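The values are calculated or read from the model by the stated rules, or taken from the named source; none is laboratory data. On a predicted model such as this, the values are computed, not experimentally measured, just so you know. Cβ coordinates were reconstructed from backbone atoms using ideal geometry, including for glycine residues, and neighbour counts include every protein chain displayed.
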Amino acid sequence: MNPPSAAERLVKAQAKAEILTDALPWIKTFSGATVVIKYGGNAMISPELQQSFADDIAFLRFVGLRPIVVHGGGPQINRMLERLGIESEFVAGQRFTSEEAAEVVRMVLAGQVNRDIVSRINQNGDAAIGLSGEDADLMLAEPTSVLVDGQEVSLGRVGSVKRVNTAVLNELLDAGRVPVICSIAAELGGKAGKPLNINADLAAAAIAREMKADKLMMLTDVPGLYADWPDKDSLISRITPDELRALLPKLDSGMIPKMTAALEAVDAGVRQVHVIDGRTAHSILLEVFTSDGIGTMIQEGEIA
């Protein structure tokens, strides 16, 4: 095959320049904005998607945004529990986390998954810094329970976030750092060294809430929110919080916790929440820096 001609190279270069100029209005609009990104699902499994995600985060920082990454690691935790012979228990459909399992969660999230994400982002510089919710009491939580036949039943070392150390996060962002936070927390008033496992969607929403973030972006394994799942033609591009509240009882059970967290964030002052498909390479850039976006945006006020 012959190498491209000078004219063909020029056309390709012009196309790249056009993409950059199309993104310029959005770069100007969101420069300085604090953006919390919940990272999870299949985007964490594929090496290609892992790198495109890391490149997106580095790009956000270089064009003047203030990204905060919050992640879980369910598949990695499950594999380690299986290897160690620790059985997973469920209460009312929710995972019960024993003290033994909580130690595994901490080991996998803080010692493996967090390190991998940080190192990938830092291939584009040295900005990313890995954190656990236990560091500097970044997230303080209380144990949660569920109702079973009218009785409160403990979920073990599972918690809900009550406080976020925003001062630490603002110091890091002001210094040009990218905080990468794994979703475990210290227990409010509890014993030292006993972590609580936090749902990553809820952890991201709590951090976005307390940081008064401009955007919360939640990566999922679906293209966005559907009005009538599994009808793929019912994908919603934009929706108001009131419209989402009305739709909530009809949603798939797996989407309800995400959308509840999204509503809590918007109600607390987060300007926009985006639900996007993490299986699409560079989905974050497509959602932030293009007119149409690719997922579902939840925003207060009337949406044209």
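Among the residues of segment 130-142, none qualifies, meaning not one is free of Cβ contacts under 8 Å to residues at least 24 places away in the same chain and surrounded by fewer than 16 Cβ atoms within 10 Å (Cβ to Cβ).
Checking the stated criteria, Pro257 turns out not to satisfy the condition of being under 24 Å from Arg209 (Cβ atoms), over 16 Å from the mean Cα position of the chain (by Cα) and of a type outside the set (Asp, Glu). Of the residues making up segment 7-58, just one is surrounded by fewer than 11 Cβ atoms within 10 Å (Cβ to Cβ) and of a type in the set (Ser, Thr, Tyr), namely Thr21. The one condition from (1) in contact with a strand residue (DSSP E or B) (Cβ under 8 Å, 6 or more places away or on another chain); (2) of a type outside the set (Val, Ile, Thr); (3) not in a helix (DSSP H, G or I) that Gly269 does not meet is (1). Hey, can you tell me all the residues within segment 235-266 that are part of a helix (DSSP H, G or I) and of a type in the set (Ser, Thr, Tyr)? The answer is Thr260, and nothing else. Considering (1) of a type in the set (A, V, I, L, M, F, W, C); (2) in a helix (DSSP H, G or I); (3) touching a residue at least 40 places away in the same chain (Cβ under 8 Å), the lone condition that Met297 does not fulfil carries the number (2). Residues of segment 195-205 that are within 11 Å of the chain's Cα centre (by Cα) and farther than 11 Å from Cys182 by Cβ: Asn199, Asp201, Leu202, Ala204, Ala205. Summed over segment 43-69, residues that are within 12 Å of Ala127 (Cβ to Cβ) and either in a helix (DSSP H, G or I) or of a type in the set (Lys, Arg) (or both) total 8. Under the condition of being of a type outside the set (D, E, K, R) and in a helix (DSSP H, G or I), the residues counted in segment 189-219 number 8. In segment 70-90 there is at least one residue matching the filter, namely being in a helix (DSSP H, G or I), of a type in the set (Gly, Ala, Ser) and modelled with pLDDT under 95. Candidates are the residues of segment 228-267 that are modelled with pLDDT of 85 or more and small (Gly, Ala, Ser); the one that is surrounded by the most Cβ atoms within 10 Å (Cβ to Cβ) is Ala262.
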